[in-house]
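S.K.: Structure provided below as structure tokens; questions to follow.
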Amino acid sequence: MILSITGLEVVLFQFWISRMIRSRPPFLMMMLGAGIFAVGVFMYGIVTGFVMFVIAAIIVCIGEMFYFPTSQVIAAGFAPKDMRGRYMAFAGFITSIPNTIGPGAAGYVLDNLDPHLLWYIGGFFCLASATGYFALHLKLGAEKRFAPATTEKEPISA
């Protein structure tokens, strides 16, 4: 049920959010997405009851809708023009590391420590990454390659 609700949320709001954040500084949008993630993940550790878990899942999904499209923009911004595909592929590949380690680490925490601690640790990592994105914004945000998209149509060149 929760997965269906968040799937519907993506269908209804992803394009609207993507259009809204396109003209905003990408590192700040990543910071916002990670911060929203943190709220939802922390909530998983403290809530009880189905409705509250649904609200936490909706909040996490909103964070995803800010975070993931913007992450590709940032990967492309770091890349030289002729290597954008490689940089974006590598950025996608890098996520396989936490996807590989995370389930085992989460299982260890759930089996041997307080299960709520898992969500507090996850929320902490979200806040740490939000802080890192803010630092990147301060350091690199003014560079042209990380400038928000313009709303003007660019001429098509042959």
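The values are calculated or read from the model by the stated rules, or taken from the named source; none is laboratory data. All values reported here derive from a predicted model rather than from experimental measurement. Virtual Cβ from ideal backbone geometry, glycine too; neighbours counted across all protein chains shown. These accessible areas exclude ligands, DNA and RNA; they are computed on the full protein's heavy atoms, side chains included. Shrake-Rupley method; radii C 1.70, N 1.55, O 1.52, S 1.80 Å.
S.K.: If Glu9 passes every condition in (1) under 16 Å from the mean Cα position of the chain (by Cα); (2) surrounded by 13 or more Cβ atoms within 10 Å (Cβ to Cβ); (3) of a type outside the set (A, V, I, L, M); (4) under 29 Å from Lys139 (Cα atoms) but one, which one does it miss?
M.R.: For Glu9, the failing item is (4).
S.K.: Moving on. What's the total number of residues in the range 129-146 that are in a helix (DSSP H, G or I) and open to solvent by 50 Å² or more (accessible area, probe 1.4 Å)?
M.R.: Within the range 129-146, residues that are in a helix (DSSP H, G or I) and open to solvent by 50 Å² or more (accessible area, probe 1.4 Å) number 8.
S.K.: Over 11 Å from the mean Cα position of the chain (by Cα), at positive phi and small (Gly, Ala, Ser), is that true of Gly49?
M.R.: Yes; evaluated as a whole, the condition is true for this residue.
S.K.: Another question, then. Hey, among Gly40, Gly45, which residue is in contact (Cβ under 8 Å) with a residue 24 or more places away in the chain and either in a helix (DSSP H, G or I) or of a type in the set (Phe, Trp, Tyr) (or both)?
M.R.: Gly45
S.K.: So, Tyr120, is that one open to solvent by 50 Å² or more (accessible area, probe 1.4 Å), out of contact with any helix residue (DSSP H, G or I) (no Cβ under 6 Å at 6 or more places or on another chain) and farther than 26 Å from Val10 by Cβ or not?
M.R.: no
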